[in-house]
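Report on the following structure.
The values are calculated or read from the model by the stated rules, or taken from the named source; none is laboratory data. Source: prediction; values computed, not measured. All Cβ positions, even for glycine, are placed from backbone atoms using ideal geometry, and neighbour counts span all protein chains on display.
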Amino acid sequence: MSTLSVPLSDGQLRQIQSLIDQGVAENKASLVRKAIDKYIEDQVIEAILKAKEEPSLEGDLDELAARF
């Protein structure tokens, strides 16, 4: 596992702490990992939905989506 150092504004840190206080994550590192995972998931879903609208594609896109 690698470590990433990212400068954050005071406002971002306050929001992060608020989310931790609400129980969304155990600590800052856990919250950032969750945020990255959510972003990646959103991008995959967006790509699947975009591909589903592509008329030239063949195959079962629902099956592909189920893999994610």
inquiry  = If I filter the range 1-33 down to residues being among the small types (Gly, Ala, Ser) and under 16 Å from the mean Cα position of the chain (by Cα), which single residue comes out as surrounded by the most Cβ atoms within 10 Å (Cβ to Cβ)?
reply    = Ala25
task = Search the range 1-52 for residues being under 16 Å from Ala66 (Cα atoms) and hydrophobic (A, V, I, L, M, F, W, C), and hand back the single one that is modelled with the highest pLDDT.
result = Ile40
ask   = Does Glu58 count as part of a loop (DSSP other than H, G, I, E, B) and at pLDDT 95 or above?
value = no
request  = Sort through Leu19, Leu31, Leu13, Leu4 and tell me the only one that's out of contact with any strand residue (DSSP E or B) (no Cβ under 8 Å at 6 or more places or on another chain), without any contact (Cβ under 8 Å) to a residue 60 or more places away in the chain, not basic (Lys, Arg) and not in a helix (DSSP H, G or I).
outcome  = Leu4
